1. Identify, please: which residue in the stretch 9-65 is touching a helix residue (DSSP H, G or I) at 6+ places or on another chain (Cβ under 7 Å) and small (G, A, S) and is, among those, nearest to A78 (Cα to Cα)?
2. I'd like the full set of residues that are open to solvent by 100 Å² or more (accessible area, probe 1.4 Å) and within 24 Å of the chain's Cα centre (by Cα), limited to the stretch 22-68.
3. Report yes if D4 is open to solvent by less than 80 Å² (accessible area, probe 1.4 Å), among the acidic types (D, E) and either modelled with pLDDT under 85 or within 30 Å of F166 (Cβ to Cβ) (or both), otherwise no.
4. The conditions are (1) open to solvent by 70 Å² or more (accessible area, probe 1.4 Å); (2) more than 26 Å from A78 (Cβ to Cβ); (3) in contact with a Phe, Trp or Tyr (Cβ under 9 Å, 6 or more places away or on another chain), and V126 fails exactly one of them. Which is it?
5. Within the stretch 66-88, which residues are at pLDDT 80 or above and in contact with a helix residue (DSSP H, G or I) (Cβ under 7 Å, 6 or more places away or on another chain)?
6. Looking only at the stretch 156-178, which residues are touching a Leu at 6+ places or on another chain (Cβ under 8 Å) and closer than 22 Å to N129 by Cβ?
7. Can you find a residue in the stretch 192-200 that is at pLDDT 75 or above, of a type in the set (V, I, T) and within 28 Å of I80 (Cα to Cα)?
8. Within the stretch 131-147, which residues are assigned to a helix (DSSP H, G or I), of a type in the set (A, V, I, L, M, F, W, C) and open to solvent by 10 Å² or more (accessible area, probe 1.4 Å)?
Amino acid sequence: MVKDFEMGLSNKTPEFLKMNPIGKVPVLETPDGPVFESNAIARYVTHLKADNPLYGSSLIEYALVEQWIDFATLEIDANILRWFIPRIGFAVYLPPASGTCMIQRVTLFGFAITNTMMHEKTVSFVTLNKVGGFLQRMDLARRYAFGKMLVIGSDPPFKGKGLWLFRGQEVPQFIIDECYDMELYDWHKVDITDEDQKEHVNQMIEVQEPFEGEALLDAKCFK
């Protein structure tokens with residue numbers, strides 16, 4: 001630990017920026033040079049001792065450690081920071097929105113959507129491109145939504161289905177106004193008190209195959 005370190009000042013000095021050009025903490029000073037990013041530092045420290053058991057005693061144990069490090073970074077940290085950062089004063093704190101967002105993540109509140117329009121959807125790559133384009137246009141909702149899109153079927157016509165979680169109790173109006181793909185799907189609000197619907201939601205999140213008795217062609221996640 002550095003004495004008299006002051007966040008926002010000490011990490012903006014030329015000396016600190018030489019160690020980490022983007023000015024983030026933590027940074028570990030080593031005999032061979034600085035290392036930044038928490039996961040990289042953890043890996044470095046773990047490998048200092050050749051027989052350190054923290055990385056497991058087999059290839060599969062090593063892979064599992066890496067798996068959960070990535071899971072924590074991509075699935076937990078990335079989402080919880082949207083709630084945590086406003087709480088500590090680094091972004092605007094909106095109590096109703098923040099509270100609702102956290103509740104929705106826990107209860108799996110969301111909207112199940114289905115697209116059964118198979119105009120040009122008899123070719124699999126066209127369907128995949130359609131879904132990919134929809135996710136790109138949904139980028140404006142990145143702070144308001146989490147989504148999972150599935151392309152289903154081994155033979156044409158292929159189907160696009162998805163699950164989306166939004167802040168609040170309805171699809172935000174600005175998303176409806178800006179993303180024209182919205183009207184191509186049938187949207188149904190999930191009843192989280194219905195066990196069958198909850199199981200259906202779990203199947204979509206876990207990407208279980210076969211899905212609804214059909215082959216799963218592709219699955220894409222929006223977060």
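1. G23
2. Of everything in the stretch 22-68, those that are open to solvent by 100 Å² or more (accessible area, probe 1.4 Å) and within 24 Å of the chain's Cα centre (by Cα) turn out to be I22, W68.
3. On the way: open to solvent by less than 80 Å² (accessible area, probe 1.4 Å): no; among the acidic types (D, E): yes; either modelled with pLDDT under 85 or within 30 Å of F166 (Cβ to Cβ) (or both): yes.
Considered against the rule, which asks whether it is open to solvent by less than 80 Å² (accessible area, probe 1.4 Å), among the acidic types (D, E) and either modelled with pLDDT under 85 or within 30 Å of F166 (Cβ to Cβ) (or both), D4 comes out as no.
4. (1)
5. Filtering the stretch 66-88 for residues at pLDDT 80 or above gives 66-73.
Within the stretch 66-88, I69, T73 meet the criteria.
6. F158, G160, K161, G162, I175, E178
7. Taking every residue of the stretch 192-200 in turn, at least one turns out to be at pLDDT 75 or above, of a type in the set (V, I, T) and within 28 Å of I80 (Cα to Cα).
8. L135, L140
The values are calculated or read from the model by the stated rules, or taken from the named source; none is laboratory data. Treat the numbers as computed from the prediction; the structure is a model and nothing was measured. Note that each Cβ is placed from the backbone with ideal geometry, even for glycine, and that neighbours are counted across all protein chains shown. The area values use the complete protein model at the heavy-atom level, side chains included, leaving out ligands, DNA and RNA. Shrake-Rupley method; radii C 1.70, N 1.55, O 1.52, S 1.80 Å.
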